[in-house]
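Below is one structure, written out as structure tokens; comments come after it.
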Amino acid sequence: MHHYLVLEVGLAIALIAIVGLIATRLRFSVIPFYILIGMAVGPHAFKIWYLDFRFIESTALIEFMGRIGVLFLLFYLGLEFSVGRLMKAGKSIATGGTIYIVINFSLGLILGWALRFPLEEILVIAGITTISSSAIVAKVLVDLKRTANPETEMILGIIMFEDVFLAVYISILSGLVLSGSSSLGGVLLSALIALGYMLALLIVGRKLVPWLNRVLNIRSSELFAIVIFAVLFLIAGFSETIHVAEAIGALLVGLVLAETEHVKRIEKLVIPFRDFFGAIFFFSFGLTIDPMTLGGEALWYSIAAVIITLFGNFLAGMLAGRTAGLSPRASSNIGLTIVSRGEFSIIMANLGKAGGLLAILQPFAAMYVLMLAILGPILTKESKTIYNLLDKVFGFEKRYQARKAKEKPVPVGDSD
């Protein structure tokens, strides 16, 4: 009954809190735990007294709260790097990011084609398998105390590059999947409108930064929060009306506000909402997955995708690191650290669901994310052992030392 709605939502939050505490105690990423507990309950579950683990009455509300979580996740990411910072990222980061995207995106396309999916599903699969989980990667780097490592700058740069690619790609893909365009002209028009809207919002937003600095100079924390959230939800909601994913609208708002002098205050405001609603987002995603559907084709497809992703990430890391002048060991750390997949893969799967694409995309994404969310931190922690084993086979160090020996040393005293 509807008067138990608050109790059901409270039960959901309690379950999220319990598995979150377990994940923290195990020193593991909370994301797979949130998804798993969501999958464990739902319509196939049971009811004990007033505790309804089926979440029949509250499913729609929990799903809506999850959508809010997506907005806050991408809004915060936009705040983390501004357009100005992106322009100063450097040639090596742009080169490394391009290498990473091209290799992983191409492998995703090949996988979708090999599995004989339709074109729109192939494009969604490529998006699912391309983008790393910045949340998991950041947590792993901090937990393993690798923020000062030589490869960490490249890792963070690739994550930033991925976010830009994601913004463009979802804008184009949402025009294709959500608009229902069937002709090439219609698809191109939708894509152009989406890209034009994104660029216009960024350009106009940057021009308005001085004005925003004055407008947001609000002493009251209450009014400041209301103004920020009003802008976030209005622009995100409007974006959806022209077939641009609402999450991208949130990302664009974050990019613009990152240029203002109030960015630190906004970040401090948003973090609790990002964490709370973000957790509900992963729970709500798991809630939509029936564990009985995870066998068969979805399982084998996800295993194939994991194998391809592991190969693509390691290759991309080695090549990106080499272009930046990093050692093979540091380069291998790049690929092994950013192998985790999470929130962005789920967003891509949800885009496919919103567009009415094949239902197998949801369980495929769930299994794929779970596997890599578990494997990613383990591979990062054991990166030294893994590299030593691969070095015995491929001789990375010998070739690296031989290449360095060929470089001509600069004679002492010749510099002016």
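Can you tell which of Gly335, Gly254, Ile360 lies farthest toward the positive end of the dipole of the chain, using +1 and -1 charges on the Cβ of basic and acidic side chains (Lys, Arg; Asp, Glu)?
The Cα lying farthest towards the positive end belongs to Gly335.
Strictly greater than 41 Å: what percent of every Cα pair in the chain meets that?
On the way: 14513 of 86320 pairs.
For the chain, the share of Cα pairs beyond 41 Å comes to 17 percent.
Per 0.36 nm of contour for each residue apart, how much would the distance between Leu358 and Val393 grow if the chain were fully extended, relative to their Cα-Cα spacing? Please report the intermediate quantities before stating the final value.
Details: separation 35, 0.36 × 35 = 12.60 nm, distance 4.11 nm.
Result: 8.5 nm gained on full extension.
Taking loop as defined by DSSP and a crowding limit of 13 other beta carbons within 10 Å, which trypsin sites (Lys or Arg not before Pro) in the stretch 109-175 fit?
Numbers: sites: Arg116, Lys139, Lys145, Arg146; in loops: Arg116, Lys145, Arg146.
Passing sites in the stretch 109-175 are Arg116, Lys145.
Hey, got the dipole for the stretch 313-416? About the Cα centre, +1 on K and R Cβ, -1 on D and E Cβ, debye to the nearest 20?
Working: 13 positive and 7 negative charges, 62 e Å.
Roughly 300 debye for the stretch 313-416.
With +1 assigned to the C-beta of every Lys and Arg and -1 to the C-beta of every Asp and Glu, and no other charges, what is the dipole magnitude of the chain about the Cα centre in debye, to the nearest 20? Let's see the in-between values first.
Working: 33 positive and 28 negative charges, 245 e Å.
Using Cβ point charges on Lys, Arg, Asp and Glu, the chain gives about 1180 debye.
Just to be sure I understand the rule: take each whole DSSP H helix in the chain, project its Cα atoms onto its long axis, keep it if the span is 20 Å or more and its mean Kyte-Doolittle hydropathy is at least 1.6. Which ones pass? Please report the intermediate quantities before stating the final value.
Details: long enough: 5-25 (30 Å, 2.25); 59-80 (31 Å, 1.52); 91-114 (34 Å, 1.26); 152-177 (35 Å, 1.79); 184-207 (34 Å, 1.79); 221-241 (30 Å, 1.91); 263-287 (34 Å, 0.96); 296-323 (41 Å, 1.14); 361-381 (30 Å, 1.49).
Both cut-offs are met by 5-25, 152-177, 184-207, 221-241.
Toward the positive end of the charge dipole of the chain, about the Cα centre and with charges on Cβ (Lys, Arg +1; Asp, Glu -1), which of Leu299, Thr323, Phe55 goes farthest?
Towards the positive end, the residue furthest out is Thr323.
Just the number please: accessible area per residue for the chain, 1.4 Å probe, all protein chains included, in Å².
Details: 20220 Å² over 416 residues.
Solvent-accessible surface per residue comes out at 49 Å².
Got a number for carbon plus sulfur as a percent of the chain's accessible area, 1.4 Å probe? If you can, show how the numbers build up before the last one.
Numbers: 13760 of 20220 Å².
It is 68 percent, rounded to a whole number.
The values are calculated or read from the model by the stated rules, or taken from the named source; none is laboratory data. What you are looking at is a predicted structure, and each value in this text was computed from that prediction instead of being measured. Every residue, glycine among them, receives a Cβ derived from its backbone with ideal geometry; neighbour counts consider all protein chains shown. The accessibility values were calculated without ligands, DNA or RNA, using every heavy atom of the protein model including side chains. Shrake-Rupley method; radii C 1.70, N 1.55, O 1.52, S 1.80 Å.
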